[in-house]
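*Asks:* So that we are looking at the same thing, I have put the structure below in structure tokens.
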Amino acid sequence: MATDGFEQSEFTKPIKALKNEGILVDVLSLKEGNIKGWEETKWGDKFKVDKTIDNALSTDYDMLVLPGGVLNTDSLRTNESAVKFAVEFFEQGKPIAAICHAGSILIETGLLRRKTDDIL
């Protein structure tokens, strides 16, 4: 799950690793079309969105990967649908990978207080 301003390497490397293992990956975002990465000090590449968060069901996925990037995470952590999507993964006991700034999305769920293990 990402939106404009994600840290590009924190988006592309996990996707590549998952696909190399034969895992089907969907890019979920707040909007349809393309989202733009952020690469060091400038806008990066554009990537196709497969589904909007409002049209995705958490039950259709086995894990959630949240790349960092200040612009990205600020947009997601303040979006009710994105936070609800992350909450559903907690409630279903599914793994969530939050890279760098993306931890703020998990903080926004209010559920980290209950977590005592499985956090790296």
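*Asks:* With +1 on each Lys and Arg Cβ and -1 on each Asp and Glu Cβ, how big is the dipole of the stretch 11-107 about its Cα centre, in debye rounded to the nearest 20?
*Replies:* Working: 12 positive and 14 negative charges, 60 e Å.
Rounded to the nearest 20 debye, it is 280 debye.
*Asks:* Rounded to whole Å and sorted largest first, list the principal axis extents of the Cα atoms in the stretch 35-103.
*Replies:* Ordered largest first, the stretch 35-103 gives principal extents of 37, 23, 20 Å.
*Asks:* Moving on to the next point. At a threshold of 8 angstrom on Cα-Cα distance, excluding pairs fewer than six apart, so keeping six or more, what relative contact order does the chain reach in percent? All intermediate terms of the calculation are to be shown ahead of the outcome.
*Replies:* Working: 199 pairs, mean separation 31.8, N = 120.
Once divided by the residue count of the chain, the mean separation gives 27 percent.
*Asks:* Here is a follow-up. Rank Ile53, Val83, Gly37 by how far each Cα sits towards the positive end of the charge dipole of the stretch 31-98 (+1 on Lys, Arg Cβ; -1 on Asp, Glu Cβ) and give me just the farthest.
*Replies:* The residue sitting farthest along the positive end of the dipole is Gly37.
*Asks:* Here's another thing I want to ask about it. How large is the Kirkwood hydrodynamic radius of the chain, in angstrom, based on all distinct alpha carbon pairs?
*Replies:* Numbers: mean 1/r = 0.0698 Å⁻¹.
Its Kirkwood hydrodynamic radius stands at 14.3 Å.
*Asks:* How much area per residue is accessible in the stretch 1-98 when the probe is 1.4 Å and only protein heavy atoms are counted (Å²)? Intermediate results must be reported in sequence, preceding the final value.
*Replies:* Values: 5530 Å² over 98 residues.
Result: 56 Å² of accessible area for each residue.
*Asks:* Could you order Ser29, Ser9 by accessible surface area, starting with the largest, using a probe radius of 1.4 Å?
*Replies:* Values: Ser29 0, Ser9 55 Å².
Of Ser29, Ser9, the descending order of accessible area is Ser9, Ser29.
*Asks:* Using a cut-off of 20 Å between alpha-carbon atoms, which lysines can reach Lys94, once sequence neighbours fewer than 8 places away in the same chain are excluded?
*Replies:* Hits, sequence-local ones excluded: Lys19, Lys51, Lys84, Lys115.
*Asks:* Among Thr109, Thr73, Thr12, which one shows the highest mean-square fluctuation when the chain is modelled as a Gaussian network with alpha-carbon springs under 10 Å?
*Replies:* Thr12
*Asks:* Shifting gears a bit: GNM on the chain, C-alpha springs below 10 Å: top fluctuator among Asn72, Asn55, Asn34?
*Replies:* Among Asn72, Asn55, Asn34, the largest GNM mean-square fluctuation belongs to Asn55.
*Asks:* Tell me the carbon and sulfur percent of the accessible area for the chain, rounded to whole percent, probe radius 1.4 Å.
*Replies:* Values: 3640 of 7280 Å².
Summing carbon and sulfur atoms, their accessible area is 50 percent of the total for the chain.
*Asks:* Could you put Ile15, Ile53 in order of accessible surface area, largest first, with the 1.4 Å probe and the full protein assembly present?
*Replies:* Working: Ile15 35, Ile53 10 Å².
Order by accessible area, largest first: Ile15, Ile53.
*Asks:* When the chain is fully extended, how far beyond the present Cα-Cα distance does Arg113 get from Trp43, taking 0.36 nm per residue of separation? List each step's numbers first, then the result.
*Replies:* Numbers: separation 70, 0.36 × 70 = 25.20 nm, distance 3.49 nm.
Extending this stretch completely gives an extra 21.7 nm.
*Asks:* Let me ask something else. Modelling each spin label as a point 7 Å along the Cα-to-Cβ direction, I'd like the Asp50/Ser81 distance in nm, to one decimal.
*Replies:* Roughly 1.7 nm, to one decimal.
*Asks:* To continue, here is another question. How tilted is helix 80-91 with respect to the longest principal axis of the chain? Cα atoms for both, answer in degrees (0 to 90, nearest 10).
*Replies:* Computed tilt is about 50 degrees.
The values are calculated or read from the model by the stated rules, or taken from the named source; none is laboratory data. All values reported here derive from a predicted model rather than from experimental measurement. No Cβ is skipped: glycine too gets one built from the backbone with ideal geometry, and neighbour counts run over all protein chains shown. Accessible surface is based on the protein model in full, side chains and every heavy atom, while ligands, DNA and RNA are left aside. Shrake-Rupley method; radii C 1.70, N 1.55, O 1.52, S 1.80 Å.
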